[in-house]
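The values are calculated or read from the model by the stated rules, or taken from the named source; none is laboratory data. Note that this is a predicted model, so its numbers are computed, not measured. Ideal geometry is used to build each Cβ from the backbone, glycine not excepted, and the neighbour counts take in all protein chains shown.
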Amino acid sequence: MPCKREPHQIQLIESAIQTANLEAEDKLNLTARFVSLLYEYRSRSTRYSYSFNTLRIIITVGSLIVPALLSVQYTAVSPCDPEKPMGADVYWTVWVLSLLVTISNGVIALLKVDKKYFVLNTIYQHLLSEGWQFVQLSGKYSGFYTPDTIPTHKNQFIFFCNMIEKIRMKQIEDEYYKVTEHHGTHASGQQDQLIPPTPAKQLPFTSSYNEKSIPLVNDSQTTVRKYNPSKKSEFAGIAGIPEISGSPEESSIAISSSTPFSGEGDGNE
């Protein structure tokens, strides 16, 4: 019977994604982005693996042969003519080997073949691991981002997509250029980032009411506002607000972001 080739890891992941409990649009996005990245990194890592290993073999073997040939350059004789020395033949052999070793070493240093070999293979295996964790709902996709909710492919989809983009941008920074400059600021004063924050850790915001929001946890957000006795009327009529006790500096109230609130004060304490 002819030998049947086993399916590749990428094909297995692609088949598993098609059987996941996801919308057709989400499956299309994963195939267009995630699976295409897997094929790209597989192709690049394979090419750099062949190049790196070939160049390293030439450098290692050539560095061992050249000194050995130099030691017998003027003592070896031709097997066809015992009276004729092989000095000229050994000389040109050593010259060719030395040139190959120097060129190989220069190519590795100029094109950074060794660095790209390690980085691309690491990123490729990392993407494979992330894909299987998402398909199996294991690791960080087993409820790490949503501890109070049963993990499913639907509620873990956004976290998986965000992680894939982070891995991609990290590899681009390592290979081409590490971005350290900030190209702008938001209205709240926060600077732009090359890699956006994860959906579970949104940036805090501030307003004229001296509010501060803690990071999102399980799709809920808590807003803490300083209590100002002069604006006590702002909180009148809102259900669920506890009685205020203590000094004005130490008093505070917690208002859920889902509670409607309409403050019309000027916001100055």
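Pairs, please: C-beta under 8 Å, at least 6 apart or cross-chain, first residue within 12 Å of Asn155 (Cα to Cα) and in region 9-27, second polar (S, T, N, Q)?
Correct list of pairs: Asn21/Thr152.
With Ile57, Ile13 as the choices, which residue is modelled with pLDDT of 90 or more, within 17 Å of Lys112 (Cα to Cα), assigned to a helix (DSSP H, G or I) and of a type in the set (A, V, I, L, M)?
Ile57
Hey, can you tell me all the residues within region 130-151 that are hydroxyl-bearing (Ser, Thr, Tyr), surrounded by fewer than 15 Cβ atoms within 10 Å (Cβ to Cβ) and touching a residue at least 40 places away in the same chain (Cβ under 8 Å)?
The answer is Thr149, and nothing else.
Any chance you could count how many residues in region 19-53 are outside any helix (DSSP H, G or I) and closer than 16 Å to Ile172 by Cα?
Number satisfying all stated conditions: 0.
Restricting to region 19-36, give me the number of residues that are under 18 Å from Tyr141 (Cα atoms) and exposed (fewer than 11 other Cβ atoms within 10 Å of the Cβ).
2
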